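The structure appears below as structure tokens.
The values are calculated or read from the model by the stated rules, or taken from the named source; none is laboratory data. Being a predicted model, the structure only gives us computed values, none of them experimental. Heads up, the Cβs are rebuilt from the backbone with ideal geometry, glycines too, and the neighbour counts pull from every protein chain shown. These accessible areas exclude ligands, DNA and RNA; they are computed on the full protein's heavy atoms, side chains included. Shrake-Rupley method; radii C 1.70, N 1.55, O 1.52, S 1.80 Å.
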Amino acid sequence: GRAHFGRAFIRFIHRQYEPALADATQSIAIEPRPAGAYALRGLIEHAMGRRAAARRDFNAALSRNPQSGLARAGLRALNAGRPPFRPRQFQRRTPDGREGSI
């Protein structure tokens, strides 16, 4: 569960989407109740261009936790046709002080 979720998260940050998707799916298979793994898998699927699957997972996350900011933000980006949402913790400062994606 948690180990797969953590590895999926790191792989997503590094844009290793196929292995991240496999890890997120395994995390859900082990622990199907937590919303976070569904939201993360939705982010990964959106990044891979799998819009219907991303929408399904964002909605699954919200059904488990209606307060999931990650799922709500991901769904907003998906619905608006924007690039995949990248959570704030995935941001870092560049040497000149601007924020940049990892």
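For the range 64-78, the set of residues classified as without any contact (Cβ under 8 Å) to a residue 24 or more places away in the chain and open to solvent by 60 Å² or more (accessible area, probe 1.4 Å) consists of Pro66, Gln67, Arg72, Arg76, listed by residue number.
Residues in the range 70-83 that are over 21 Å from Gly1 (Cα atoms) and assigned to a helix (DSSP H, G or I): 9 in all.
The residues of the range 37-57 that are part of a helix (DSSP H, G or I) and open to solvent by 30 Å² or more (accessible area, probe 1.4 Å), listed by number, are Arg41, Ala47, Arg51, Ala52, Arg55, Arg56.
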